[in-house]
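A.B. asks: Sharing a structure, written as structure tokens. Questions coming.
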Amino acid sequence: MPIDARTITLNACLTVWALRLAWHIGKRHTGEDYRYVSMRERMSKCGTAGYYVLSFFLIFMLQAGLSLCVNYTIMRVTATSSLQTFGAVNAGKQAFAWTDYVGFSLFAIGFLFEAFADSQLTSHIADTDPEKGKFCKRGLWRYTRHPNYFGEALLWWGFFVVSLGVPNGYVTVFSPLVMSLLLRYVSGVPLLERKARKHPEWAQYEAETAVFFPWFWDKNAVAKHDDAFEAVASEDKSAQEQTQSKVN
């Protein structure tokens, strides 16, 4: 059976997204991601057998399951759209529905949002100006502390809107929802901000800049007393002291 325009366009968008993200991550990282280093150190405390069992389930199987979950929207459209288009009812008519135009537009906005955010952050890191500050406040980063994650979430919601053009496509709503929740509350924002809280400039940046959804920055914001910063600093100090005592 021929492949319809919706399926081709959707998978082309997914391929472009994947290639750009792979190139960006591959260019940026020269070693192991600190989050995996931390996980490996924690799992190593469970012994060799425990390490391999935990790695298998928490790294490989968990990510495989999440990948299937997040990509279900793409898989459902790929499996059903062409059947719908070339079925007896439509007789090969490939006109896009309004949901296709809205969905692909959301994808384009999210993709560009993420790409520009990554580029702006790269420029900030490469900037040798000692007055630039620790945290990026240029471009999209002035309006949200995580524009790349926001763009990532938005493009997956775009895929979901496209899926509304196939029978029962609405059941795939859990795919972008899972991605959004992971980015905002699990593996994205929380981990990065926990690390960022160790820096003294964080409290002011947090006070004046929206966390996820873009919004106007508050130039008059006053940093609040950051108990979380002190808690993280205290934990790091205790960990350092324990490590030093073991060495001695």
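Bear in mind these aren't lab numbers, they're just calculated from the coordinates by the rules spelled out. It should be emphasised that the depicted structure is a prediction, and the values quoted were computed from it without experimental measurement. Methodologically, a virtual Cβ is constructed for each residue, glycine included, from the backbone with ideal geometry; neighbour enumeration extends over all protein chains shown.
A.B. asks: Hand me the chymotrypsin sites (Phe, Trp or Tyr not before Pro) from the range 106-162 located in a DSSP loop with no more than 16 other Cβ atoms within 10 Å, in residue order please.
C.D. replies: For chymotrypsin sites (Phe, Trp or Tyr not before Pro) across the range 106-162 that sit outside H, G, I, E and B with at most 16 neighbouring Cβ atoms in 10 Å, the list reads Y143.
A.B. asks: At a threshold of 8 angstrom on Cα-Cα distance, excluding pairs fewer than six apart, so keeping six or more, what relative contact order does the chain reach in percent?
C.D. replies: Result for the chain is 20 percent.
A.B. asks: When the scattering of the range 5-247 is computed by the Debye formula from its Cα atoms alone, each counted once and equally, what is log10 I(q)/I(0) at q = 0.11, 0.15 Å⁻¹?
C.D. replies: With one equal scatterer per Cα and no solvent, log10 I(q)/I(0) is -0.75, -1.18.
A.B. asks: Given DSSP loops and a limit of at most 10 other Cβ atoms within 10 Å, what is the longest stretch of the chain that contains no such GluC sites (Glu not before Pro)?
C.D. replies: 132-248
A.B. asks: Then there is this: Sequence-distant or interchain residues sharing an amide H contact under 5 Å with F212, placed H: which?
C.D. replies: Correct list: R145.
A.B. asks: Run the dipole for the chain about the Cα centre, Lys and Arg Cβ at +1, Asp and Glu Cβ at -1, nothing else charged, and hand back the magnitude in debye, nearest 20.
C.D. replies: Dipole of the chain, to the nearest 20 debye: 320 debye.
A.B. asks: Longest span of the chain, sites excluded, free of trypsin sites (Lys or Arg not before Pro) in DSSP loop with at most 14 other C-beta atoms within 10 Å?
C.D. replies: Value returned for the longest uninterrupted segment is 139-197.
A.B. asks: Residue farthest toward the positive end of the dipole of the range 95-202, with Cβ of Lys/Arg at +1 and Asp/Glu at -1: which of F116, P147, V162?
C.D. replies: Final value for the positive-end residue is P147.
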